[in-house]
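The structure appears right after this line, and notes come after that.
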């Protein structure tokens with residue numbers, strides 16, 4: 001978990017003014033490795049309503065402070081530790097366990113390059129591997 005000073009620096013480095021709500025949302029997201037749904041964040045925080053959290057996440061996404069994953073359960077948000085607000089240099093593979101339904105970050109695995117045909121312009125890449133996590137496969 002990041003402390004308040006680290007969160008404020010992360011926000012400032014991404015061009016986001018560190019307000020109380022923004023600090024609370026970023027701090028909640030830093031507590032665990034992995035991604036959150038909007039509902040999970042609302043449950044975790046408890047003091048900010050869903051629309052306030054959603055507005056904060058939209059701002060964070062605009063400044064490359066979170067990235068989104070589209071999964072079978074909807075949109076999930078993950079704190080992005082990229083080093084600037086112009087592009088996301090923290091892209092990595094994610095793993096979705098089909099038994100426990102958790103999404104895991106695999107930061108050591110970079111997303112392979114994608115060479116698109118001429119005329120296509122890439123905005124984001126969502127790379128999710130599905131299967132069983134070590135706990136569910138019994139291989140801990």
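Summary of values
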| read-out | value |
| --- | --- |
| Residue-span extension gain [residue 102 to residue 137] - 0.36 nm each, minus C-alpha spacing | 11.3 nm |
| Counting DSSP beta bridges with both ends in the range 4-137, the antiparallel % (nearest 5) | 75 |
| Mean Cβ count within 10 Å, highest first, over the residues of peptides 9-22, 99-112 | 9-22, 99-112 |
| Using a Förster distance of 22 Å, the FRET efficiency for residue 126-residue 73 (Cβ separation, nearest 0.05) | 0.95 |
| Residues in the range 105-119 that a label on residue 43 would reach, taking backbone N under 20 Å of a point 7 Å out along Cα→Cβ | 105 |
| Protection proxy ranking of 42-55, 113-126 - average other beta-carbon atoms within 10 Å, highest first | 42-55, 113-126 |
| Candidate values (1) 2, 9, 18, 21, 20, 14, 9, 5, 1, 0; (2) 2, 10, 21, 24, 21, 14, 7, 1, 0; (3) 2, 8, 14, 16, 15, 16, 13, 8, 4, 2, 1, 1, 0, label of the one derived for P(r) over Cα pairs in 5 Å bins from 0, in percent | (1) |
| Per-residue [θ]222 nm for the chain (sum of -39500 (n - 2.57) over DSSP H runs n ≥ 4, rounded to 500) | -9500 deg cm²/dmol |
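Here, each number is a calculation from the coordinates, and none is a lab measurement. Remember, predicted model here, so these are calculated numbers, not experimental data. FYI the Cβ positions are ideal-geometry reconstructions off the backbone, even for glycines, and counts take in every protein chain you see.
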